[in-house]
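S.K.: Quick one: the structure is below, questions incoming.
The values are calculated or read from the model by the stated rules, or taken from the named source; none is laboratory data. This is a predicted model, so every value here is computed, not measured. Reconstructed Cβ throughout: ideal geometry from the backbone, glycine too, with neighbour counts over all protein chains shown.
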Amino acid sequence: MVKDLLKSVLPTRIADALRVLLHGHENQTDEFTYDHDGLRTIHNCDFISDPRFIQAYRAGRSLDSWFGGDVEWRVHVLFWAAVRGIELEGDFVECGVHRGGFSKAIIEYIGFGKRQDKTFYLVDSFEGIAEEHLVEAEKEKNLLAFPYQHNYEAVLNAFAEYQNVKVIKGWVPEILSEVDTRVAFLSIDLNNALPEIAAAEYFWERLVSGAAIVLDDYGWKQHFVQKQAFDEFAARKGVPILSLPTGQGLIIKP
Ligand SMILES: C[S@@+](CC[C@H](N)C(=O)[O-])C[C@H]1O[C@@H](n2cnc3c(N)ncnc32)[C@H](O)[C@@H]1O
């Protein structure tokens, strides 16, 4: 109310100056601290210059999984979820691996290779998306034409040094029975709704309490079918989804 009153009585320039005084910043483009991957902000992102972050992020980036783009903030979110997961009982799963960028970064960040009590399952068709999994609205978004650069052998090589990483080649949902385990961290990044929901349903009872599910595509415009499907999923399970400015969605298993 006070805001509206100020707006109506003060000239715009004075109101802007007051806003700067109150909030300590101006909306000037040269103040952006982060400006890629669909996210532009003036907020602090000093995690980017943490040496541990830099080393792990570079390891992930070196696999050419992200089409030359930078996705630091998304990776920061994944690291947060992984740090949480490593303290819980259970294994790690990524559905949608491509060339292994996210998984490699996570493994390096938390030293997963040394955790022989845990397994990291990397699940992918390594052949892209199945046409029969798409609904019309997804076909219209041209999801089938996405130029994945799969190289199954290269993924096997990239993870060969870790005894506790299993690369599982096959289609979700059919292949999921090969990952029958308690889960402490789940990343879902399949870029199409049907198998993503099937994976979330399959792992729901297997997820330990406190484990995070990171939905990579939740807020991305071209993946609105997934958003609708996950909103319904979350309502069925009685959990909220945190919609992140990175485009990701975050669920914590109660
Ligand atoms: C966006 S990419 C994953 C990117 C990856 N998270 C990374 O770090 O670069 C999506 C992946 O999902 C896989 N995929 C899509 N639908 C699938 C399905 N039904 N079963 C298995 N893999 C699938 C594709 O082959 C592709 O590698």
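One line per residue, one yes/no per condition, for (1) touching a Gly at 6+ places or on another chain (Cβ under 9 Å); (2) closer than 19 Å to residue 103 by Cα; (3) surrounded by 13 or more Cβ atoms within 10 Å (Cβ to Cβ); (4) hydrophobic (A, V, I, L, M, F, W, C):
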{"position": "135", "(1), (2), (3), (4)": "no, no, no, yes"}
{"position": "144", "(1), (2), (3), (4)": "yes, no, yes, yes"}
{"position": "150", "(1), (2), (3), (4)": "yes, yes, yes, no"}
{"position": "189", "(1), (2), (3), (4)": "yes, yes, yes, no"}
{"position": "198", "(1), (2), (3), (4)": "no, no, yes, yes"}
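S.K.: Output the residues belonging to region 148-167 that are polar (S, T, N, Q) and either touching a residue at least 24 places away in the same chain (Cβ under 8 Å) or outside any helix (DSSP H, G or I) (or both). Let's see the steps before the verdict.
M.R.: To start, the set of residues in region 148-167 that are polar (S, T, N, Q) comprises 149, 151, 157, 163-164.
The answer is 149, 151, 163, 164.
S.K.: Scanning for something among the aromatic types (Phe, Trp, Tyr) and over 12 Å from the mean Cα position of the chain (by Cα), does region 229-246 turn up at least one residue?
M.R.: Of all residues in region 229-246, those among the aromatic types (Phe, Trp, Tyr) come to 230, 233.
So of that shortlist, the ones also over 12 Å from the mean Cα position of the chain (by Cα) come out as 230, 233.
Yes, because at least one residue in region 229-246 is among the aromatic types (Phe, Trp, Tyr) and over 12 Å from the mean Cα position of the chain (by Cα).
S.K.: Same structure again: Would it be correct to say that residue 205 is more than 11 Å from the chain's Cα centre (by Cα), free of Cβ contacts under 8 Å to residues at least 12 places away in the same chain and surrounded by fewer than 17 Cβ atoms within 10 Å (Cβ to Cβ)?
M.R.: Working: more than 11 Å from the chain's Cα centre (by Cα): yes; free of Cβ contacts under 8 Å to residues at least 12 places away in the same chain: yes; surrounded by fewer than 17 Cβ atoms within 10 Å (Cβ to Cβ): yes.
Answer is yes for this residue.
S.K.: For region 93-129, how many residues meet the condition of being loosely packed, with under 15 Cβ neighbours inside 10 Å and outside any helix (DSSP H, G or I)?
M.R.: Residues meeting the conditions: 4.
S.K.: Inspect region 56-69 for any residue being polar (S, T, N, Q), in contact with a helix residue (DSSP H, G or I) (Cβ under 7 Å, 6 or more places away or on another chain) and within 24 Å of residue 148 (Cβ to Cβ) and give the result as yes or no.
M.R.: Checked region 56-69: at least one residue is polar (S, T, N, Q), in contact with a helix residue (DSSP H, G or I) (Cβ under 7 Å, 6 or more places away or on another chain) and within 24 Å of residue 148 (Cβ to Cβ).
S.K.: Go through region 128-146 residue by residue and tally those that are within 13 Å of the ligand (Cβ to nearest atom) and touching a residue at least 24 places away in the same chain (Cβ under 8 Å).
M.R.: Within region 128-146, residues that are within 13 Å of the ligand (Cβ to nearest atom) and touching a residue at least 24 places away in the same chain (Cβ under 8 Å) number 7.
S.K.: Report yes if some residue within region 91-109 is more than 18 Å from the chain's Cα centre (by Cα), of a type outside the set (Phe, Trp, Tyr) and either farther than 28 Å from residue 229 by Cα or within 9 Å of the ligand (Cβ to nearest atom) (or both); otherwise report no.
M.R.: The answer is no; no qualifying residue exists.
S.K.: If you don't mind, another one. Provide a single number: the residues in region 159-191 that are charged (D, E, K, R), under 19 Å from the mean Cα position of the chain (by Cα) and under 18 Å from residue 117 (Cα atoms).
M.R.: Residues flagged as charged (D, E, K, R), under 19 Å from the mean Cα position of the chain (by Cα) and under 18 Å from residue 117 (Cα atoms) within region 159-191 amount to 0.
S.K.: Look through 82, 56 and report the one residue that is within 16 Å of the ligand (Cβ to nearest atom), part of a helix (DSSP H, G or I) and either at pLDDT below 95 or more than 15 Å from the chain's Cα centre (by Cα) (or both).
M.R.: After applying the criteria, what remains is 56.
S.K.: Further question on the same structure: Can you name every residue in region 208-232 that is surrounded by fewer than 21 Cβ atoms within 10 Å (Cβ to Cβ) and over 20 Å from residue 121 (Cα atoms)?
M.R.: Across region 208-232, the qualifying residues are 219, 220, 221, 222, 224, 227, 228, 229, 231, 232.
S.K.: Name the single residue, out of those in region 168-202 being under 12 Å from residue 123 (Cα atoms), free of Cβ contacts under 8 Å to residues at least 60 places away in the same chain and of a type in the set (Gly, Ala, Ser), that is farthest from the ligand (Cβ to nearest atom).
M.R.: 177
S.K.: Please determine whether any residue of region 217-232 is touching a Ser or Thr at 6+ places or on another chain (Cβ under 7 Å) and aromatic (Phe, Trp, Tyr).
M.R.: Within region 217-232, one or more residues are touching a Ser or Thr at 6+ places or on another chain (Cβ under 7 Å) and aromatic (Phe, Trp, Tyr).
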